[in-house]
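J.: What follows is a structure written as structure tokens; I'll ask about it next.
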């Protein structure tokens, strides 16, 4: 018995096959789209994570401060420094010249101070000449060269007369009183005072007497 293969039956078979092919294609396309979307999402998440964990860029470093240039010029010597009641910060060794030890000198004082309970004087040799006339006194001739720092012995005596003392005749004062009175004088007047000083064998001043000046 032969099967019927009429045109109507063949058309129906072709339509059924076409429908099956369309359904299969749609199913495959849906799977492919899901995979593509998943890949994009993964890449987006990875990029976001990378940005979140990346350290912030370091701020621009401030410009370095200009370097300080150190001058090779020598520092001023003690003789060029202004006097200070505390003494110069780098006072020379309080050792009188060897030729002064055990002797006497007539000097001028550029600076005077007390440090650690000891009295120091910055002195330079000078000369004195008597002045005669209606008013007797002394002419002081300044010396030349640098000043030298000397130290007074703890028991060193100080004798002062006008203008450092209260009388024309010399009277005894303490070393601290001498420093106070010396600094109380105007600077120009301090520079024109003269002193007879005596040194012990160690070069320390054991006696200081100011020259009377009216």
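Coordinate-derived values only; no laboratory data. What you see is a predicted model, and the numbers here were worked out from it, not measured in a lab. Because the Cβ atoms are built from the backbone with ideal geometry, glycine has one as well, and the counts that use them run over all protein chains shown.
J.: Could you tell me the extents of region 94-150's C-alpha atoms along the three principal axes, largest first, rounded to whole Å?
T.: The Cα atoms of region 94-150 stretch 46, 24, 21 Å along their principal axes.
J.: Would you mind checking region 141-158 for residues with the amide N under 16 Å from a putative spin-label position 7 Å along Cα→C-beta of residue 192?
T.: Under 16 Å, as judged by backbone N against the label point of residue 192, lie 141-143 of region 141-158.
J.: Which of the peptides 196-203, 119-126, 146-153, 133-140 is most tightly packed, and how do the rest follow, going by the mean number of other Cβ atoms within 10 Å of each residue?
T.: Going by the mean number of other Cβ atoms within 10 Å, highest first, we get 119-126, 146-153, 196-203, 133-140.
J.: Taking a point 7 angstrom from the Cα of residue 171 along the C-beta vector, which residues in region 135-154 have backbone N less than 11 Å away?
T.: none
J.: Students often check this: by mean Cβ neighbours within 10 Å, which of 170-179, 183-192 ranks highest, and how do the rest follow?
T.: Going by the mean number of other Cβ atoms within 10 Å, highest first, we get 170-179, 183-192.
J.: Right, here's the next one. Dimensions of region 85-210 along principal axes (Cα, Å, largest first)?
T.: That gives 44, 28, 25 Å along the principal axes, largest extent first.
J.: Same structure, new question: For region 131-177, take every pair of Cα atoms, bin their distances at 10 Å starting from 0, and report each bin as a whole percent.
T.: All Cα pairs, binned at 10 Å, distribute as 20, 33, 39, 9, 0 percent.
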